[in-house]
Amino acid sequence: MRRTLALILLASSALPLSALAAGVDTPLFPTDPNPSFSEDAMKEGKTHLVGSFGVTPTAIIGIDSTSNARYTGANEESDVIVGVNAALNVASVWRTHELKGTAYVKAETYLDNDSENTVDGGVVASGRYDFSAYTNLSTEVEFHHGHDARYQRVVSGNVEPVEYDQTGVKVAYTATGNLLKYYGALGYRNFDADNAFNASGGIIPQDYRDSQRTYAEARADYRITPVTALFVYYQANRVEFDDKTNNRDSDGYSLRLGAAFYMSELLTGDVQVGYMKQDYKNPVFASAQGASYLANINYMPTRLTTIVFNARRSIEEAPSINASGYFYNMGRIMVKHELTRRLNLGIGYETTKLEFNGVDRDDTFNGLYMAGLYEVTRNLKIEVSFRNRDFKSSGVNAILDPEYTENRFGVALRAAF
């Protein structure tokens, strides 16, 4: 159990876009590469050996009761939500090279507000070719069909959630020596949002959000002790929008210095601090620049307790036509404890602040999550959870209906076949 929890926590702290396949919460905005909070952080699956591949099918059926189905500040509507989340993970078990893939689907049905019903899904596939024990070439291809959850406040006045498609491809090369390790990658990501509709049937255009992002990144590590390393990380990117009316195209970079450490299983992680800047082609939009940081730390004070800390500051593309991006500031702490061999308890708190560049608007999200996971059988678990989420938009350009609070209780059956 201890090893399983450690692996789960390490995966959740890395937070790649492909983590959506594991059932984590959707990104704060679709263009944000990091999910805001993992409601599935305690998920555990069983792997079956089929030939040279490990196959892990999982399914989750849950019922949630929400106090605010539409995330409004007034006239709150409670509702009951039935959710089904299924995933199939396949990975090779070869001594060298690797192939793996994930396919997932997630559906939510509202008993009273059926206009809020959604079906998301996606596929992620990756491969790695090992030239030797020290060098390899890897690639990843992904497709996701998702939606803007109402709590994200991306669009206002829409009667149904806005759906979008997101595709991406990445190629990376890694070389490792005695003291040095090099990593370089090229990537591309395309985002395409569907138009929304208001109560009278009118179109709320979303084409202005459609964009393509190309990027290159590199990292060089120098090992100073057997369990610690210093590194430098650099990323350059270009963002191009299909809508040239406002010309929100931009070029940017991020440069960070960091330290990675592995103090046995008790303390692992990395901390990075640096500078970032995004320049916009339209002179009307001010450049976004400032401090950049990233931290992922896992600490096990006892064999039964694990503490995870994550923090990040980055520049993201704003859903508003008038803003030249926003600064994404996130801090999260999660504590998990194995109370008995069958019962795990967890609690997490996250705060996220969006500082819009070029307009007077700040959005703040706060979330508290508590859960208990009980193992009924080896392949069946029951999870009982509670979540509190609140939001506030402030400033001269704050959005209409700038505050809301939601409380949600849930019960879920988690099956690993």
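With n ≥ 4 as the cut-off for DSSP H runs, can you work out [θ] at 222 nm for the chain, using -39500 (n - 2.57) per run divided by the number of residues, rounded to the nearest 500?
Result for the chain: -1000 deg cm²/dmol, rounded to the nearest 500.
How are the alpha carbon pair distances in segment 230-287 distributed across 5 Å bins from zero to the largest one, expressed in percent?
4, 16, 18, 14, 12, 10, 9, 7, 5, 3, 1
Add +1 for every Lys or Arg and -1 for every Asp or Glu among the other residues with Cβ under 9 Å from the Cβ of D120, and state the total.
Its environment carries a net charge of -1.
Can you find, among I382, N397, T364, the residue farthest towards the positive end of the dipole of segment 361-410? Put +1 on the C-beta of Lys and Arg, -1 on that of Asp and Glu.
I382
Hey, got the dipole for the chain? About the Cα centre, +1 on K and R Cβ, -1 on D and E Cβ, debye to the nearest 20?
So the magnitude is around 2060 debye.
Can you tell me how segment 325-365 classifies by the Cα gyration tensor, rounded, prolate or oblate, using a/c under 1.5 as the rounded cut?
prolate
What does the accessible area per residue of the chain come to in Å², with a 1.4 Å probe and no ligands, DNA or RNA counted?
Spelled out: the 1.4 Å probe surface of the chain, per residue, equals 47 Å².
Which values of log₁₀ I(q)/I(0), to two decimal places, follow from the Debye formula for segment 277-417 at q = 0.08, 0.13, 0.14, 0.19 Å⁻¹ with a uniform point scatterer at every Cα?
These q points yield log10 I(q)/I(0) values of -0.34, -0.75, -0.82, -1.10.
With +1 on each Lys and Arg Cβ and -1 on each Asp and Glu Cβ, and nothing else charged, work out how big the dipole of segment 107-178 is about its Cα centre, in Debye to the nearest 20.
For segment 107-178, the charge dipole is close to 520 debye.
Exposed loop sites here are trypsin sites (Lys or Arg not before Pro) in DSSP loop states with at most 10 other C-beta atoms within 10 Å. What is the longest stretch of the chain lacking them?
With a cap of 10 other Cβ atoms within 10 Å, the longest stretch comes to 96-340.
Find how many whole Å separate the alpha carbon centroid of segment 209-264 from the alpha carbon centroid of segment 53-68.
32
In units of 2.2 N^0.38 Å, what is the alpha-carbon radius of gyration of segment 277-347?
In units of the globular-protein estimate, segment 277-347 measures up at 1.72.
Per the Kirkwood treatment, what hydrodynamic radius in Å, one decimal, follows for segment 43-184 from the mean inverse distance over all distinct Cα pairs?
Kirkwood radius, segment 43-184: 18.4 Å.
What number, in percent, do you get for the relative contact order of segment 324-417 if the mean sequence gap of Cα pairs under 8 Å and at least 6 apart is divided by its residue count?
That works out to 23 percent.
Give the shape of segment 92-138 as rounded, prolate or oblate, defined through the alpha-carbon gyration tensor: a ≥ b ≥ c are the square roots of its eigenvalues, a/c under 1.5 means rounded, and otherwise the shape is prolate if a/b is larger than b/c and oblate if not.
prolate
Could you tell me which of rounded, prolate or oblate describes segment 220-345, using a ≥ b ≥ c as the square roots of the eigenvalues of the alpha-carbon gyration tensor, with rounded for a/c under 1.5 and, failing that, prolate when a/b is larger than b/c and oblate otherwise?
oblate
Mean 1/r over all different Cα pairs, inverted: what Kirkwood radius does segment 126-175 give, in Å?
Taking the inverse mean of 1/r over all distinct Cα pairs, segment 126-175 comes out at 13.8 Å.
Pick out, from A229, A196, I321, the residue whose Cα sits farthest towards the positive end of the charge dipole of the chain, with +1 on the Cβ of Lys and Arg and -1 on the Cβ of Asp and Glu.
Going by the Cα projections, it comes out as A229.
Calculate log10 I(q)/I(0) of segment 189-275 for q = 0.14, 0.15, 0.25 Å⁻¹, where I(q) comes from the Debye formula with a single equal point scatterer on each Cα and nothing for solvent.
Debye output, listed in q order: -0.69, -0.73, -1.14.
When the dipole is taken about the Cα centre of segment 127-223, and only Lys, Arg (+1) and Asp, Glu (-1) are charged at their Cβ, what size is it in debye, to the nearest 20?
So the dipole magnitude of segment 127-223 works out to roughly 560 debye.
Given contacts defined as C-alpha pairs under 8 Å and at least six residues apart, what's the relative contact order of segment 49-122, whole-number percent?
Value for segment 49-122: 28 percent.
At a Förster distance of 45 Å, what's the computed FRET efficiency of A175 paired with N366, Cβ-Cβ distance as r, to 0.05?
So the FRET efficiency works out to roughly 0.60.
Pick out, from A91, F131, Y110, the residue whose Cα sits farthest towards the positive end of the charge dipole of segment 64-148, with +1 on the Cβ of Lys and Arg and -1 on the Cβ of Asp and Glu.
F131
Read through the labelled values [x] 77, 59, 34; [y] 107, 46, 38; [z] 60, 52, 39 and report the label of the one computed as Cα extents along the principal axes in Å from the structure.
[z]
The values are calculated or read from the model by the stated rules, or taken from the named source; none is laboratory data. Since this is a predicted model, take the numbers as computed values, not measurements. Cβ sites come from the backbone with ideal geometry, for glycine too, and all protein chains shown count toward neighbours. All accessible areas refer to the heavy atoms of the entire protein, side chains included, with ligands and DNA or RNA removed. Shrake-Rupley method; radii C 1.70, N 1.55, O 1.52, S 1.80 Å.
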